Amino acid sequence: MPKPMAPKVVEALGGDAGLVKLWESADPDAELARVAPEVGALAVGGHVKVDGAFMARFPKLEIVSSFGVGYDSIDAAWAGERGLLVTNTPGVLDDEVADTAMGLVLATVRQFPAAERHLRAGRWLDGAFPLSHTLRGRTLGILGLGRIGKAIAHRAEAFGLAIAYHGRRPQDGVPFRYHATALELAENCDILVVITPGGAETHHLVDAAVLKALGPSGILINVARGSVVDEAALIAALQSKTILGAGLDVFAEEPKVPQALLDLDHVVLLPHVGSASHHTRDAMGQLVVDNIRSWRAGAPPLTPVVETPWRGAYKGS
Ligand code: NDP
């Protein structure tokens with residue numbers, strides 16, 4: 001384990017023989033060099049960069065068990081080409097992240113954080129908070145209608161919102177209107193919720209043109225990865241009122257948030273808390289542990305990523 005993970009994960013894996021807590025070492029580089037020849041599994045948090053050069057340091061490596069559903073910090077294609085497994089923690093966080101997305105939608109459209117700031121600053125005594133915008137009669141566009149995107153759609157339907165989506169292809173059995181590009185989706189919705197994976201393929205999928213298409217009454221919500229939205233273009237669009245507002249859980253260079261965003265009142269900013277409840281983080285941690293335990297038992301992984309399918313045996317067997 002290169003960096004500390006949730007205490008329950010450390011505790012659960014620490015009960016098995018041979019957990020190396022690299023961050024506890026006085027000299028992590030020397031410790032890494034000492035243990036690398038024997039390491040068969042890595043347990044990593046979502047922000048630990050695991051590229052080919054790092055994995056190549058472990059000749060007996062068979063599995064990288066990662067915390068979180070997004071794994072854009074891991075070179076899974078490199079691992080797949082070499083018969084290594086990468087596992088993530090899908091499914092168990094869908095409802096939590098969808099709740100976060102809807103919370104951001106409501107907070108941004110109805111301007112609840114600004115209203116609370118108004119109250120706390122004692123300004124209510126001077127006058128009512130200005131009227132807000134509304135969800136009534138709006139269309140929600142979902143960029144990335146996957147597991148979490150569908151959980152968002154389920155909630156949005158209950159709010160009476162019309163729903164449209166974009167992905168690389170239309171999906172069978174989905175009742176929502178499909179748009180072939182992100183631009184076309186933005187042209188045809190009022191609130192654009194971004195919930196694709198991060199990584200090279202989706203880099204700046206939401207750019208200045210998409211924001212312009214969203215328009216002056218449009219709202220952008222990003223619960224995916226900061227890399228999916230061109231942050232400089234977003235700041236420019238917010239400053240020039242090209243769009244109405246934004247609700248963001250993720251940023252280009254976390255944990256740094258541009259001062260230009262902090263200075264704007266018509267954005268709602270969260271510190272990447274999409275899945276961050278005790279309940280859901282425990283479930284994610286348990287999947288990290290169970291994937292490592294399956295490897296120890298020589299059993300198939302529970303949740304391998306698509307780039308590293310289970311081929312019936314571990315690399316070293
Ligand atoms: P899924 O793989 O189930 O869904 C991803 C969706 O994105 C699919 O519908 C896919 O559709 C679409 N997609 C993928 N690539 C592209 C592309 N290039 N252009 C357009 N659409 C694309 O993932 P999850 O729903 O489980 O998770 C989605 C992401 O949410 C994670 O990868 C992670 O980055 C982020 N996340 C953020 C959290 C937070 O704390 N804020 C917490 C958890 C996840 P298709 O294949 O048809 O293109």
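The values are calculated or read from the model by the stated rules, or taken from the named source; none is laboratory data. Owing to the predicted nature of the structure, the values given are computational and were not obtained by experimental measurement. Note that we place each Cβ from the backbone using ideal geometry, even for glycine, and neighbour counts take in every protein chain shown.
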I'd like to know if the range 254-269 contains one or more residues that are under 17 Å from residue 71 (Cα atoms) and either under 17 Å from the mean Cα position of the chain (by Cα) or assigned to a helix (DSSP H, G or I) (or both). yes
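One line per residue, one yes/no per condition, for (1) without any contact (Cβ under 8 Å) to a residue 24 or more places away in the chain; (2) over 13 Å from the mean Cα position of the chain (by Cα); (3) in a strand (DSSP E or B):
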| residue | (1), (2), (3) |
| --- | --- |
| 68 | no, no, no |
| 77 | no, yes, no |
| 86 | no, yes, yes |
| 96 | no, no, no |
| 101 | no, no, no |
Collect the residues in the range 268-316 that are surrounded by 15 or more Cβ atoms within 10 Å (Cβ to Cβ), of a type in the set (Lys, Arg) and farther than 20 Å from residue 18 by Cβ, keeping them in residue-number order. 281
Just one of (1) more than 14 Å from residue 108 (Cα to Cα); (2) crowded, with 20+ Cβ neighbours inside 10 Å trips up residue 223, so point out which. (1)
Could you check how many residues of the range 294-317 are at pLDDT below 95 and either in a helix (DSSP H, G or I) or touching a helix residue (DSSP H, G or I) at 6+ places or on another chain (Cβ under 9 Å) (or both)? 2
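The rows are residues; the columns are (1) within 16 Å of the ligand (Cβ to nearest atom); (2) charged (D, E, K, R); (3) touching a residue at least 12 places away in the same chain (Cβ under 8 Å).
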position: 221; (1), (2), (3): yes, no, yes
position: 228; (1), (2), (3): yes, no, yes
position: 236; (1), (2), (3): no, no, yes
position: 240; (1), (2), (3): no, no, no
position: 243; (1), (2), (3): no, no, yes
position: 247; (1), (2), (3): yes, no, yes
position: 256; (1), (2), (3): no, yes, no
position: 260; (1), (2), (3): no, no, yes
position: 290; (1), (2), (3): no, yes, yes
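Identify, from the list 101, 107, the residue that is within 12 Å of the ligand (Cβ to nearest atom) and within 16 Å of residue 220 (Cα to Cα).
101
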Within the range 49-66, restricting to residues that are assigned to a loop (DSSP other than H, G, I, E, B) and under 23 Å from the mean Cα position of the chain (by Cα), the one that is farthest from the ligand (Cβ to nearest atom) is 51
Just the residues that are among the aliphatic types (A, V, I, L, M) and over 28 Å from residue 151 (Cα atoms), please, taken from the range 116-136. 119, 121, 125, 128, 131
